[in-house]
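Report on one structure; see the data block that follows.
The values are calculated or read from the model by the stated rules, or taken from the named source; none is laboratory data. These numbers were taken from a predicted model, which means no experiment stands behind them. Don't worry about glycine lacking a Cβ; one is built from the backbone with ideal geometry, like all the others, and counts go over all protein chains shown. The protein model used for the area step is the full one, side chains on, heavy atoms only, and it has no ligands, DNA or RNA in it. Shrake-Rupley method; radii C 1.70, N 1.55, O 1.52, S 1.80 Å.
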Amino acid sequence: MQVNYCSKNSNTGRAIMLLSQLNEKNKDDLLKALESMKADIQNRINDEIIKSKATQSQQFNDNIYYQKKMDALLAFAASIEQEMKAYNKQRAKLESDLQNKQSDLEKTQKQQQQIEKVIEQDDDSFQKKITQINRAISTIDEALKLLGQAKESSFIEANLDTYVVIGENLLEILEPQHLPIGQSFLDLAQYKFAEQEVIRKSTRILNKIRNEYADQRISMTSQNQAERKQNDNLVKLYQQKSQQLKDEVLKTMKVDLVNLINWMGVRQSVLDDCNFQMNYMTNGKAQLKEEEQMRFNNNAKLLQEYTKELQIIDDCIAQINKN
């Protein structure tokens, strides 16, 4: 508020006008009017002081409210941040566990593949050996049959090529000490004759060799089955472990991590809202301070103007009293 001292409606203007009307008859009336104006100004000053104190009290209470609210929000935000730190640690642990499980899964699958490769190689090796043994037994069976018919030259004559083939096959499968048996078949094909003693001896040796091959086949088959069963069980164990790891990886990825990340998102939203409210409170406090400063300046200016008016009225009263 700014006072126009020249206005007829201002106290100062009225005081000057009253002073201009001074004479011996109205001196007391003018003094009373000036004192009344002075009292009016003093009342205004008192009203402004009361208003200012009330406003200051309200601002003080508002500041306390904002500060308490800020303190509560800061404490709440700190608790949320502690939760977020705990969640981040838990998330890091889950991600580390997930990485370890994925690594274990890859390792387990690789070990399973290695066992399956060993099984395949063992099966191939077993089949090759069994095929060789079966071929040897078949050759020996055919050789024993031919030896049984070697007494008849007509039979030998009719099966010369067969004797040659069996003889060559025997030379391939027999140990060095038994090679003469294979050679005897070639001799039969050439001379169409063999001594009975040679036939009996060859028959006895071939039966023995056949039995050895048959025993070897039984032993190899039994061993292969035992090893295959053991390897199959090992593969099943790896399969079970792989499935368990897959389930754990899936649970960690689709359930544990998802739930944790979603919950972290919820708490982050709460923290963001808390920060928004703190910014609002901070701005509110700053606005209160600005209003308080503005009101203080206005009151100081108004009181200064009222003081000037009082001074002018006092001067008018002093001038009247001189006359």
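Some points to look at:
- Residues in the range 206-227 reached by a label modelled at Asp123 [backbone nitrogen below 18 Å; 7 Å Cα→Cβ]: 221-227
- The charge dipole of the range 172-323, taken about its Cα centre with unit charges on the Cβ of Lys, Arg, Asp and Glu (plus for the first two, minus for the last two), comes to roughly 920 debye.
- For the chain, diffusion coefficient by Stokes-Einstein and Kirkwood Rh (Cα), 20 °C, 1.002 mPa s, µm²/s: 65 µm²/s
- For Lys201 and Gln114, the FRET efficiency from 1/(1 + (r/R0)^6), where r spans their Cβ atoms and R0 equals 45 Å, is about 0.35.
- Relative to the dominant Cα principal axis of the chain, helix 27-148 is inclined by about 0°.
- 0 to 90° range, to nearest 10: angle between helix 11-20 axis and the chain longest Cα axis: 10 degrees
- If the segment from Lys251 to Asp141 were pulled out straight at 0.36 nm per residue, it would be longer than the present Cα-Cα gap by 33.3 nm.
- Estimated FRET transfer efficiency when R0 is 41 angstrom, pair Phe276-Lys53 (beta carbons, to 0.05): 0.75
- The chain: angle of helix 196-251 to the longest principal axis, Cα-based, in degrees nearest 10: 10 degrees
- Residue pairs exceeding 31 angstrom between C-alpha atoms, taken from Lys101/Lys128; Lys208/Lys236; Lys89/Lys241; Lys32/Lys308; Lys129/Lys208; Lys128/Lys208: Lys101/Lys128; Lys208/Lys236.
- Largest to smallest accessible area among Tyr213, Tyr163 [probe 1.4 Å]: Tyr213, Tyr163
- Residue ranges 55-62, 200-207 sort as 200-207, 55-62 when ordered by packing (mean number of other C-beta atoms within 10 Å per residue, highest first).
- Computed E for Lys289/Lys68 - FRET, C-beta separation, R0 22 angstrom, nearest 0.05: 0.85
- Two-site label geometry, Leu94 and Lys27: point separation in nm, points 7 Å out along Cα→Cβ: 9.9 nm
- Taking θ as phi - 60° and the Karplus parameters 6.51, -1.76 and 1.60, the scalar couplings of the range 304-319 work out to 5, 5, 4, 5, 4, 4, 4, 5, 5, 5, 4, 5, 5, 4, 5, 5 Hz in sequence order, x denoting glycine and proline.
- Accessible area per residue in Å² at 1.4 Å probe, computed on the range 50-166: 66 Å²
- Virtual spin-label span in nm between Asp161 and Asp40, 7 Å along Cα→Cβ: 15.3 nm
- Cα centroids of the range 261-304 and the range 100-161: 91 Å apart.
- Within the accessible area of the chain, the carbon and sulfur atoms contribute 50%, probe 1.4 Å, all protein chains present.
- When its C-alpha radius of gyration is set against 2.2 N^0.38 Å (N residues), the range 80-207 gives a value of 2.36.
- Charge dipole of the chain about the Cα centre (unit charges at C-beta), most positive-ward option of Thr221, Val255, Gln121: Val255
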